[in-house]
1. Give me a count of the residues in region 210-246 that are hydroxyl-bearing (S, T, Y) and at positive phi.
2. Only one residue in A43, A18 is in contact with a Pro (Cβ under 6 Å, 6 or more places away or on another chain) and either without any contact (Cβ under 8 Å) to a residue 40 or more places away in the chain or within 11 Å of the ligand (Cβ to nearest atom) (or both). Which one?
3. Any residue in region 80-94 that's within 12 Å of V8 (Cβ to Cβ): show its pairings with residues that are within 16 Å of the ligand (Cβ to nearest atom) and in a loop (DSSP other than H, G, I, E, B) at Cβ separation under 8 Å, as long as the two are six or more apart or on different chains.
4. Of everything in region 170-189 that's of a type in the set (A, V, I, L, M, F, W, C) and away from the ligand (no atom under 15 Å from the Cβ), which residue is farthest from M123 (Cα to Cα)?
5. Which residue, of H26, H60, is out of contact with any Ser or Thr (no Cβ under 7 Å at 6 or more places or on another chain), within 26 Å of N110 (Cβ to Cβ) and surrounded by fewer than 21 Cβ atoms within 10 Å (Cβ to Cβ)?
6. Checking the structure you have, find out if any residue of region 121-130 is under 15 Å from the mean Cα position of the chain (by Cα) and in a loop (DSSP other than H, G, I, E, B).
7. Any chance region 203-212 includes a residue that's aliphatic (A, V, I, L, M), touching a strand residue (DSSP E or B) at 6+ places or on another chain (Cβ under 9 Å) and assigned to a helix (DSSP H, G or I)?
8. Output the residue which, of all residues in region 205-214 that are touching a residue at least 60 places away in the same chain (Cβ under 8 Å) and within 11 Å of the ligand (Cβ to nearest atom), is nearest to T9 (Cα to Cα).
Amino acid sequence: MDRKIAIVTGGASGIGLATAGKLASHNVHTIIIGRDHAKLKEAVRQIGTNCQSIAFDLTHIAQIPELIQDIVKTHGKIDILVNNAGINMKKPALDVTDEEFGRIVQTNLNSVFTITREVAREMVKRKNGSIINISSMAAHYGLPGVVAYTASKTAIEGITRALATELSPLGIRVNCVAPGFIFTNMSATAFNDDPERRQKVLWRTPMGRLGTPQEVANTIYFLASDEASFITGAVIPVDGGNSVGF
Ligand code: NAI
């Protein structure tokens with residue numbers, strides 16, 4: 001009777017879609033948030049049951065509290081938050097404008113803080129919840145051409161640890177998954193015009209291949225579930241060994 005309620009941001013594609021599908025298939029009522037109505041509709045159709053979508057642009061930060069209140073009014077609670085939505089931009093650092101830097105940080109970091117704060121305020125009332133953030137190898141070693149993305153993802157790992165210290169005593173676990181190079185729209189864009197970068201990635205990935213969205217979703221699901229009941233403040237790479245590769 002006490003079915004879990006999850007929010008997955010950016011749930012209409014890639015890692016978010018695989019995560020939403022995994023949660024829904026385990027009887028978690030899953031709300032996917034994204035910007036594109038058509039993509040959201042198609043994702044809900046694909047997932048089939050236990051899934052609904054809300055069209056919302058997370059850069060509209062001032063409206064996030066109302067969004068979360070509406071969800072709580074309808075469903076009574078939120079058990080799981082997966083902060084998956086993100087954008088990237090590949091450009092030499094010396095050419096990146098302040099506007100571009102701010103846009104990436106607004107999506108990948110500022111909106112994550114606000115939605116996490118709003119959801120956590122609800123979770124503390126029930127002294128229960130699991131929050132999963134998504135980082136990147138860009139937070140583990142230097143990657144050229146993605147300075148704003150690197151700033152945002154490094155900060156995500158920092159706020160994961162900071163929030164874990166504040167929220168874990170209140171019953172909320174906060175963890176982070178750091179995917180390596182995963183086969184999605186985002187990586188396709190990064191690799192399309194840059195076969196050398198793709199080759200470099202494969203060279204330093206001991207498993208010698210890109211990961212699948214499902215492989216990341218499996219770890220997110222584990223962290224969201226009660227199986228991970230003593231794990232908080234952790235950053236778990238799902239990367240085929242990329243972060244330790246030579
Ligand atoms: P993707 O581009 O398929 O998914 C990102 C989703 O976020 C899209 O559905 C997009 O519409 C949504 N989104 C972006 N801005 C939004 C906004 N303002 N409001 C609402 N939704 C918004 O890419 P992918 O690869 O599935 O990325 C998911 C997460 O995984 C991102 O945080 C990304 O940084 C991270 N990641 C991906 C890696 C990869 O190799 N694909 C590697 C490391 C991290």
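1. Let us first name the residues in region 210-246 that are hydroxyl-bearing (S, T, Y), namely 212, 219, 221, 225, 229, 232, 243.
When the remaining residues are screened for being at positive phi, the result is none.
Count: 0.
2. Details: A43 fails: in contact with a Pro (Cβ under 6 Å, 6 or more places away or on another chain).
Among A43, A18, only A18 is in contact with a Pro (Cβ under 6 Å, 6 or more places away or on another chain) and either without any contact (Cβ under 8 Å) to a residue 40 or more places away in the chain or within 11 Å of the ligand (Cβ to nearest atom) (or both).
3. Pairs that qualify, where the first residue is within 12 Å of V8 (Cβ to Cβ) and the partner is within 16 Å of the ligand (Cβ to nearest atom) and in a loop (DSSP other than H, G, I, E, B), are V82/G11; N84/G10; N84/G11; A85/G10; A85/L58.
4. Let us first name the residues in region 170-189 that are of a type in the set (A, V, I, L, M, F, W, C), namely 170, 172, 174, 176-178, 181-183, 186, 188.
Right, trim to away from the ligand (no atom under 15 Å from the Cβ) and you get 170, 172, 174.
Values: L170: 9, I172: 7, V174: 12 Å.
Here the answer is V174.
5. Values: H26 fails: within 26 Å of N110 (Cβ to Cβ).
Within the list H26, H60, the selection yields H60.
6. In the first step, residues of region 121-130 are kept if they are under 15 Å from the mean Cα position of the chain (by Cα); the result is 130.
Next cut, in a loop (DSSP other than H, G, I, E, B) only: none.
No - not one qualifying residue is present in region 121-130.
7. Here is the first cut: in region 203-212, the ones aliphatic (A, V, I, L, M) are 207, 210.
So of that shortlist, the ones also touching a strand residue (DSSP E or B) at 6+ places or on another chain (Cβ under 9 Å) come out as 210.
The next check asks that each one be assigned to a helix (DSSP H, G or I); those that pass are none.
No, there is no match, as no residue in region 203-212 is aliphatic (A, V, I, L, M), touching a strand residue (DSSP E or B) at 6+ places or on another chain (Cβ under 9 Å) and assigned to a helix (DSSP H, G or I).
8. Quick first cut of region 205-214, residues touching a residue at least 60 places away in the same chain (Cβ under 8 Å) only: 212-214.
Filter once more, so that each one left must be within 11 Å of the ligand (Cβ to nearest atom): 212-213.
Details: T212: 18, P213: 15 Å.
Step by step, filter region 205-214, then rank; the result is P213.
The values are calculated or read from the model by the stated rules, or taken from the named source; none is laboratory data. Note that the structure is predicted; figures quoted are calculated from it, not measured. Every residue, glycine as well, gets a Cβ built from its backbone with ideal geometry; the counts of neighbours run over all protein chains shown.
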